[in-house]
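Trainee: Below is the structure I would like to discuss, written out as structure tokens.
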Amino acid sequence: MVDDRWKKQRYTSKQLQKKIDAEDLLEHNKKQKLIETVMIDQLSRAVISDPEQNERSLNTGRTTRRLHGTNHYLHDSKISTRSTATENLLSRRLRFGARIITRNGRDAMKELTGFFFQMDRTMTVYEFKQFGKSAKAIPFIQRGVFNHPFGPKKGLPYGLCDIFVGADINIPTKGQHALSAELARCQFLTLRVTDMDEEEKSRLLLDDFIDVDGPEAYGQTDMSHITAYENRQFLAAIQESVQKQIRKRGIKTVTGLGRHYRSIDRSGTGILDQHDLERGLLRFHIDLLPEDLERVFDIVDTEGMRCLDYSFFMRTVIGEMNEFRKALVRKAFNKVDTHKEGTIHLSDIKKFFNPNSPYKPGSDADTTKSALMAFLEAVTSSARQEDVTFIEFEEYYEGLSLGVKEDEDFANILCNTWNI
């Protein structure tokens, strides 16, 4: 359990508001920088790719001729182009924040912003990078139409209603040259939507007067939607049951289960078969009926291989923190990861961890043990381990989150622990 003193705010109301205002201003400036970069980039690409812009022309009545011996520059191009990528149409877009679901801490920390363009159902994703005092928005995923690779919408393009906080977008890695070697090895890159402009989404839907992503747009039957809804309800019930079982031992169970799956993943692919996944649940006393486990696999194993990514399996069975909490965990990790390597050294943890924490690691734990020592024992597999990965750090807080009902309390715990 968590001592109530550890949930108190570190700041007075005035100090907290000043801090929030400063952070909001920083985020606003980032968004404006991103939007400006995207507009310039996409408009420039449209002009350059337009065949009419391949020559600089001089109008002489009804005829045109190319100026001999002159170079062609972007600023010489006519901005009026036959391309549909005009500024007016590009402004009909939905901006959304995204993160990469990966075990690689360096990639998980990437600050991504996506744009969905309603005019042609294309998407692009940019990465926001800080270089000292300057910042840049760099293309991360090239603009294109991306289709659902799995599930009931397989083969159909992503639309507005597929973009919501908590949604996963799967993009083929082929041809995406900005991806790291580790991400490029996978067939698909999974992006989780972390935030979005709700007002902009509503406006785009209202402008079209209909839900362009509804069943009539794809020819889907009502039955497919009913089945999808029933499956979501079933998985939610499974997660509620599991969370009730492990709430009082959340940290130990989640970190232990994750460590167990990694230890038996000898291929390093992150994929385990149904037998190994179910044995892991039994080992950590997570009790589910055999028929319920079979249905879980029927729902999420769309290829029928009876093999799953164990991180995905854990999220499916146990559930996961909401995106507000996950953002705080990434913020804390990012602060401690001073070298931006995706792992944190024990010396950095000791440097940033608040030693005055009144946190109690558990009702049956040794109350003389320091909070720092309890944390280190939970996130490391042995006393010889010197670095902590992002996935180990996140799993710790996934377990802690099970016992903290309110988001405000969780936020205060993170802020008090890491002084963020």
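The values are calculated or read from the model by the stated rules, or taken from the named source; none is laboratory data. Note that the coordinates shown come from a computational prediction; the quantities given were computed from them, not determined experimentally. So basically every Cβ, Gly included, is an ideal-geometry build from the backbone, and we count neighbours across all protein chains shown. Please note that ligands, DNA and RNA were not included when accessible areas were found on the heavy atoms of the full protein model with its side chains. Shrake-Rupley method; radii C 1.70, N 1.55, O 1.52, S 1.80 Å.
Trainee: Can you tell me the length gained on complete extension of the stretch Leu89 to Ser347, counting 0.36 nm per residue apart and subtracting the Cα distance?
Mentor: Length gained, Leu89 through Ser347: 87.7 nm.
Trainee: What distance in nm separates the two pseudo spin-label positions at Met39 and Glu386, each 7 Å out from Cα along the beta-carbon direction?
Mentor: 5.1 nm
Trainee: Mind giving me the nanometre distance, one decimal, between the label points for Ala167 and Arg306, set 7 Å out from Cα along Cα→Cβ?
Mentor: 3.4 nm
Trainee: Next question. Once both labels are modelled 7 Å past Cα along the beta-carbon direction, what's the Lys335-Lys174 spacing in nm?
Mentor: 4.4 nm
Trainee: Moving to a separate point now. Can you tally the net charge around Thr122? Count Lys and Arg as +1, Asp and Glu as -1, for every other residue whose Cβ sits under 10 Å from the Cβ of Thr122. Kindly include the intermediate steps, with their values, before the conclusion.
Mentor: Values: positive: Arg93, Arg121, Arg143; negative: Asp120.
Within the 10 Å Cβ shell, the charges total +2.
Trainee: Separate question: If ligands, DNA and RNA are left out, what is the accessible area of Cys161 with a 1.4 Å probe, given in Å² to the nearest 10?
Mentor: Per-residue accessible area (Cys161): approximately 40 Å².
Trainee: If I stretch the segment between Leu372 and Glu323 completely, what's the gain in nm (0.36 nm per residue apart, minus their alpha carbon distance), one decimal? Please list the in-between numbers first.
Mentor: Details: separation 49, 0.36 × 49 = 17.64 nm, distance 2.56 nm.
Contour length minus Cα-Cα distance gives 15.1 nm.
Trainee: May I ask you to compute the full-extension gain from Glu291 to Ser267, defined as 0.36 nm times their residue separation minus their alpha-carbon distance, rounded to one decimal in nm?
Mentor: Result: 5.8 nm gained on full extension.
Trainee: Using a probe radius of 1.4 Å on heavy atoms only, what accessible surface per residue do you get for the stretch 274-335? Whole Å² is fine. Show your work: numbers first, answer last.
Mentor: Values: 3020 Å² over 62 residues.
Ligands and nucleic acids excluded, the figure is 49 Å² per residue.
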